[in-house]
Amino acid sequence: MDVVEMLRQTREKKNSRPITFSAPMVRYSTLPFRMLCHNHGCDVVFSPMIVAKGFNKSEQLRNIELQSDPLERPLLVQFASKDAEEFVTASEYVVNQCEGVNLNCGCPSKKVRKVGLGSALLDKPELIADIIKTSHSRLGEKQNFSVSAKIRILPDQGETIELCKRIEKMHSDFIIIHARNRFQKDHETPNYEMMSLIRDSIQIPIVANGSIFNQQDWELYKNKTRCEGVMSARGLLKNPGMFEGSTLTKPEYVQELWDLIKKHKASHSKYETTKKMFGRITNDLLNKNDRILLQQCKNEEQLKEFLSERDLLN
Ligand SMILES: Cc1cc2nc3c(=O)[nH]c(=O)nc-3n(C[C@H](O)[C@H](O)[C@H](O)COP(=O)(O)O)c2cc1C
């Protein structure tokens, strides 16, 4: 269950499948969704981004922000923070719940950047370095526990490479790279060339992220960047079995997700998010009219009835 070891072993074996990660996703990568991904080919699952400052405030908040289950592991927990002490404190709360912590340096949301978190950290490489270095020195002794960063590439090639080298030097166990800069939209083509240049510059394992929707996409990354891991967000929302190799989502995932949400109710209580998740997972199973009708379901009961009528739920 040592994620770093898993990544290293992949590097050593030629032609091996990269280690597969489900991405951190605010609101979506809750315990039920992570369990679904874990059951269908994701080797490592990720919590949503959690703001470390709030997490450190009270046990009540911690219980709301992070529910986990030994069955979903290996699990990595992502924190947004701009302070090394704060990040380490938050990490110490979760050391027994997961296999590692990750620093969010990529979130482009205005609200997040305004308070100096997420991709705002990309303007302060010295702060990223300080957080990683402090975490490594305080948590690095713990066996099977990783410290890592998730970044976006920078518009400037040289600065991107400098940043990755710096993160490596501070003993980040691996690095997750979303192959777009923070000004790019999700539909824009990932910068594979940049990923390849980064690969030539650092030795720590790389987890590549950006527009992975099927096997061809992750093989492209593997071939172009020799990455040890691949991570998907939107691809898994549409098809949680993607990393098992299935090109389209399967109707049975709908029932499985429903049952997991029921089982772990406390961690998935917002109806609007539940509806959106079912909207994504059924996207390829419903026609356009039905997709609109699904969005009109006002509550869980209506959603259940709607999905049952289409033979997607018992
Ligand atoms: C709904 C949603 C929520 C996201 N939340 C987070 C988050 O909490 N932390 C993070 O680092 N990235 C977050 N992201 C970005 C993804 O992790 C990922 O980097 C990005 O979507 C690119 O991957 P993709 O092309 O596979 O979607 C989110 C993306 C989506 C679609």
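The values are calculated or read from the model by the stated rules, or taken from the named source; none is laboratory data. In this text the structure is predicted, and so the values were computed from the model without any measurement. Glycine also receives a Cβ, built like all others from the backbone with ideal geometry; neighbour counts cover every protein chain displayed.
Evaluated against (1) over 23 Å from M6 (Cβ atoms); (2) modelled with pLDDT under 95; (3) not hydrophobic (A, V, I, L, M, F, W, C), Y253 falls short on exactly one condition, (2).
Looking across E72, E85, E92, one residue alone is touching a His at 6+ places or on another chain (Cβ under 9 Å), assigned by TED's automatic domain parsing to the domain that holds F33 and touching a residue at least 40 places away in the same chain (Cβ under 8 Å). It is E72. Within region 182-232, the residues that satisfy the criterion of being away from the ligand (no atom under 12 Å from the Cβ) and not in a helix (DSSP H, G or I) are F183, N191, I202, Q203, I204, P205, I206, R226, C227, E228, G229. Looking at T274, T247, just one residue is under 26 Å from T20 (Cα atoms), part of a helix (DSSP H, G or I) and at pLDDT below 95, and that residue is T274.
Selection of first residues in region 210-224 that are free of Cβ contacts under 8 Å to residues at least 40 places away in the same chain and of second residues that are within 13 Å of the ligand (Cβ to nearest atom) and in a loop (DSSP other than H, G, I, E, B), restricted to Cβ pairs under 6 Å at least 6 apart or on distinct chains, gives the following pairs, ordered by first then second residue: G210/A179; G210/R180; G210/P190; S211/P190.
Where helices (runs of 4 or more DSSP H) fall wholly inside region 1-118, the ranges with 2 or more residues that are surrounded by fewer than 18 Cβ atoms within 10 Å (Cβ to Cβ) and away from the ligand (no atom under 16 Å from the Cβ) are 3-12, 59-65, 84-94.
Scanning region 265-291 for residues that are in contact with a helix residue (DSSP H, G or I) (Cβ under 9 Å, 6 or more places away or on another chain) and more than 17 Å from L303 (Cβ to Cβ) yields A266, S267, D284. Just one residue in the set I50, I19, I64 is aliphatic (A, V, I, L, M) and at pLDDT below 95; that residue is I64. Within region 164-181, restricting attention to residues that are closer than 13 Å to I198 by Cβ and in contact (Cβ under 8 Å) with a residue 60 or more places away in the chain, the residue that is farthest from the ligand (Cβ to nearest atom) is F174. Restricting the first member to region 288-314 and to residues that are in contact (Cβ under 8 Å) with a residue 60 or more places away in the chain, and the second to residues that are among the aromatic types (F, W, Y), the beta-carbon pairs closer than 9 Å and six or more apart or on different chains are L312/W258; L312/F278; L312/F306.
Condition check ((1) under 27 Å from L71 (Cβ atoms); (2) more than 29 Å from the chain's Cα centre (by Cα)) across all residues:
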site: T274; (1), (2): yes, no
site: F278; (1), (2): yes, no
site: L285; (1), (2): yes, no
site: I292; (1), (2): no, no
site: E301; (1), (2): no, yes
site: E305; (1), (2): no, yes
site: D311; (1), (2): no, yes
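With respect to the conditions (1) farther than 22 Å from T10 by Cα; (2) within 14 Å of the ligand (Cβ to nearest atom); (3) of a type outside the set (S, T, N, Q), L248 falls short on a single one, namely (2).
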